[in-house]
Amino acid sequence: MRRFAEACEAIAATTKKLQKIAIVAGYLNSRSVDEAAISSVFLSGKPFPAWEETTLQVGGTLLWRIVAELSAKSESDLTAAYRKTGDLGAVAAEVLPEHAGEGVSLLEVSNLFRQIASARGPAAKTALVRDLLSRATPLETKYIIKIMTGDLRIGLKESLVEDAIAQASGAPFSRVQRANMLLGDIGETFRLAVEHKLNEAKMRMFHAIGFMLASPVDSPEEGLSYFADATVEDKYDGIRAQAHVADGEVKFFSRTRDEITESFPELPDALSGLPDVILDGEIVAWQYSSELAGSPEVVDAPLSESAEAKAPNLGRARPFSILQQRLGRKKVSEKVLRSAPVAYLAFDILYARGDLLIDCPLRERAQILDKILSAPRGEHRPARGKSSPQGSLGFDEPRPTTFTAAVIRAPTFRASSPDELETLFAAAQARGNEGLMIKDLSSPYQPGKRGKSWLKMKRELATLDVVVTAVEYGHGKRVGVLSDYTFAVWNGDQLVNIGKAYSGLTDAEITEMTKWFLDHTIEDQGFRRTVEAKIVLEVAFNNMMKSNRHDSGYALRFPRIIRLRPDKSPQEADTIERVREIFERQGSATNP
Ligand code: AMP
């Protein structure tokens, strides 16, 4: 582990990508294949390969407590150290006694990570973590903690590790990248690369492939300016989900690549009987129209005029705030299933019956998706989730039809002029959707890329003028500056918090604001400060929901700072009445 940690220090010490890659490649080549495979996983900032569902389940608080205990430092010493870097691993290296721990090997760390993951309960986990950290040197502890918290912060993305594997093994980068995407295991990718067996890598189902992302456009003209042959879909306000179907098993993965099947126990059945596929789509809170209520089956809407004609019959999306009650739940009550039904709006297909389709143009993928979703289903095997969702709900078979969900082929439209696009945009918003997605029919599926082949067109719901009430130190390149702002609106003569945002201001503005906030702090709470309510910001957001997170009773989805409003006094900031008004308007726009 010492050599690993030293390599990480060297990687952190240079900002040059090529140098980072060369250091990683040199380090990997200096280790045994087993150690280099484990190191590849650790260097991508993870304790376990991506495809595994294993997680450590060790929170920052537990680590903080153990570092405090092993270093015998006071809370305020730790907080002071933390404020400098915002990184508990770095804090540990600073506060632990120099000669603490005799050192641990990489294989020991890897084994202990597995034991920690399988240990039940905080006491068992704490004992194992304490054992590990008390044996490691301060420098080793620094990187063990960073891996445990999921971010090395040495400017090394997984793609650079892929680059380094290519360099270390002499294999082309594209083949290393492809094998890692298929396997979801950068350690195994290393092994295959050095054994010259990358072509043996096969798609491993049930780990998420990177999601293709979209770039924003500001006008219908811009929306049609990047490519000739565009297909247009509604932009649904739900959560992105990749569905994997194989051997009668169905799992859904979120954009953060976490498995979310348990939160949507009615969805696997909607996909059962499909051949082995990976679909891309959006899970949306859905109002089933009466035609669909009894038998929400697959609704096919191929690339044709008829798609538009069919759209009204599919039912319609409901606001994100309704879907919210479905998120992050391990067990979903019958009441919630009843009050917040969902649908899976499928818009792409990445894999079908043994073939990876990402290199096919969207035109072909769309046809394959249409065909697969409209074909009669194969023998109907009940979809198996890992933990039988029906079982956990305690329903007797057959389940009530009200809990059946649909997979719906997201309707596609064509637009050849800005006017047509504008009309589709208005129609999408009238259906309660956020706006439009405009996609290049000749483009391949580019996992993890935000390019100009997928464009998103939406308008801000509204903006709010808010007053900053508390500030926090940032992370990454924002370490040491106060860049995270909690903000409020007026409720009578009281300011009530409604959100927190950290993006949107320039570095110069943040530097200036940091100075101002340091001079106008009311209470220093460590890495957070309450400040005088003088600064007004204009913030945009995608959506508003009721929430207990802030004392206003509302929260904003994806809040971002548009600009500082030095021209406004705090008294001129928005009120809770206006917040309610926006919330109601959004509900009535999206609720039939
Ligand atoms: P944004 O989150 O604003 O960057 O917009 C991109 C997101 O829109 C995607 O990650 C999806 O979750 C969502 N989305 C909704 N409808 C679609 C669609 N038809 N095609 C692709 N993405 C969609």
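The values are calculated or read from the model by the stated rules, or taken from the named source; none is laboratory data. As the structure is a computational prediction, the values presented were derived from the model and not from experiment. Backbone-built Cβ (ideal geometry, glycine too); neighbour counts: all protein chains shown. Calculation scope for accessible area: heavy atoms of the full protein, side chains included, ligands and nucleic acids excluded. Shrake-Rupley method; radii C 1.70, N 1.55, O 1.52, S 1.80 Å.
Among the residues of region 422-432, is any under 24 Å from Pro216 (Cβ atoms) and among the hydroxyl-bearing types (Ser, Thr, Tyr)?
Taking region 422-432 first, the residues under 24 Å from Pro216 (Cβ atoms) are 422-432.
Checking the rest, the ones that are also among the hydroxyl-bearing types (Ser, Thr, Tyr) come to 423.
Yes; the residues of region 422-432 include at least one that is under 24 Å from Pro216 (Cβ atoms) and among the hydroxyl-bearing types (Ser, Thr, Tyr).
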Quiz item: Are there any pairs, at least 6 apart or on different chains, whose C-beta atoms fall under 8 Å, with the first in region 230-250 and on the phi > 0 side of the Ramachandran plot and the second among the hydroxyl-bearing types (Ser, Thr, Tyr) and buried (at least 24 other Cβ atoms within 10 Å of the Cβ), and if so, which?
Solution: none
Quiz item: Tyr288 fails exactly one of the following numbered conditions: (1) within 13 Å of the ligand (Cβ to nearest atom); (2) open to solvent by 10 Å² or more (accessible area, probe 1.4 Å); (3) of a type in the set (Phe, Trp, Tyr). What is the number of that condition?
Solution: (1)
Exercise. Sort out which residues of region 72-89 are more than 22 Å from Phe48 (Cβ to Cβ) and crowded, with 20+ Cβ neighbours inside 10 Å, and write them in order of number.
Key: Leu78, Ala81, Tyr82
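A quick yes/no check of all residues on (1) charged (D, E, K, R); (2) closer than 25 Å to Val277 by Cβ:
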residue	(1), (2)
Ser159	no, no
Asp163	yes, no
Leu182	no, yes
Ala193	no, no
Ala201	no, yes
Met205	no, yes
Ile209	no, yes
Met212	no, yes
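Out of the strands (runs of 3 or more DSSP E) lying entirely within region 456-524, which hold 3 or more residues that are touching a strand residue (DSSP E or B) at 6+ places or on another chain (Cβ under 9 Å) and of a type in the set (S, T, N, Q)? Step through it out loud before you land on a result.
Numbers: elements: 463-473, 482-491, 494-501, 521-524.
Counting at least 3 such residues, we get 482-491.
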Exercise. Considering (1) closer than 29 Å to Met212 by Cα; (2) open to solvent by 30 Å² or more (accessible area, probe 1.4 Å), say which one Met544 fails and leave the rest.
Key: (2)
Self-check item: Given (1) more than 25 Å from Ile322 (Cα to Cα); (2) within 13 Å of the ligand (Cβ to nearest atom); (3) in contact with a strand residue (DSSP E or B) (Cβ under 8 Å, 6 or more places away or on another chain), index of the condition Asp276 fails
Solution: (2)
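If we only count strands (runs of 3 or more DSSP E) wholly inside region 204-272, which ones have 3 or more residues that are modelled with pLDDT under 95, within 14 Å of the ligand (Cβ to nearest atom) and more than 21 Å from Gln446 (Cα to Cα)?
Working: elements: 213-216, 230-235, 239-246, 249-254.
Where strands (runs of 3 or more DSSP E) fall fully within region 204-272, none carries at least 3 residues being modelled with pLDDT under 95, within 14 Å of the ligand (Cβ to nearest atom) and more than 21 Å from Gln446 (Cα to Cα).
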Practice problem: Out of the residues in region 547-591 that are within 16 Å of the ligand (Cβ to nearest atom) and within 30 Å of Thr511 (Cβ to Cβ), state the one that is most open to solvent (accessible area, probe 1.4 Å). | Solution: Phe558
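Being modelled with pLDDT of 70 or more and surrounded by fewer than 16 Cβ atoms within 10 Å (Cβ to Cβ) is the filter here; which residues of region 379-417 pass it? So that I can check it myself, show each step before the final result.
Applying the first criterion (modelled with pLDDT of 70 or more) to region 379-417 yields 404-417.
Result: Ser416, Ser417.
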Practice problem: Starting from region 275-286, take each residue that is in the same structural domain as Leu373 (by TED's automatic domain parsing) and list its partners that are among the basic types (Lys, Arg) and within 13 Å of the ligand (Cβ to nearest atom), counting only C-beta distances under 6 angstrom and pairs at least six apart or across chains. | Solution: Glu282/Arg240
Exercise. Take region 425-438 and flag every residue that is surrounded by 22 or more Cβ atoms within 10 Å (Cβ to Cβ) and not small (Gly, Ala, Ser).
Key: Phe425, Asn433, Glu434, Leu436, Met437, Ile438
Self-check item: Matching residues, region 457-485, being more than 16 Å from the ligand (Cβ to nearest atom), farther than 18 Å from Ala555 by Cβ and either in the same structural domain as Asp87 (by TED's automatic domain parsing) or in contact (Cβ under 8 Å) with a residue 24 or more places away in the chain (or both)
Solution: Val471, Tyr473, Gly474, His475, Gly476, Arg478, Val479, Gly480, Val481, Leu482, Ser483
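Mind listing just one residue for me: the one in region 274-291 that is assigned to a loop (DSSP other than H, G, I, E, B) and closer than 24 Å to Ile358 by Cβ and, of those, nearest to the chain's Cα centre (by Cα)? Walk me through it before giving the result.
Taking region 274-291 and keeping what is assigned to a loop (DSSP other than H, G, I, E, B), we get 274-276, 288-289.
Next, only the ones that are closer than 24 Å to Ile358 by Cβ stay: 274-276.
On the way: Leu274: 27, Pro275: 27, Asp276: 25 Å.
Ranking the candidates gives Asp276 first.
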Self-check item: region 82-98 residues that are over 21 Å from Val481 (Cα atoms), paired with ones that are outside any helix (DSSP H, G or I) and open to solvent by 20 Å² or more (accessible area, probe 1.4 Å) (beta carbon under 6 Å, 6 or more apart)
Solution: Val95/Lys73
Quiz item: Residues in region 495-515: is at least one farther than 27 Å from Gly86 by Cα, out of contact with any Pro (no Cβ under 7 Å at 6 or more places or on another chain) and not assigned by TED's automatic domain parsing to the domain that holds Val284?
Solution: yes
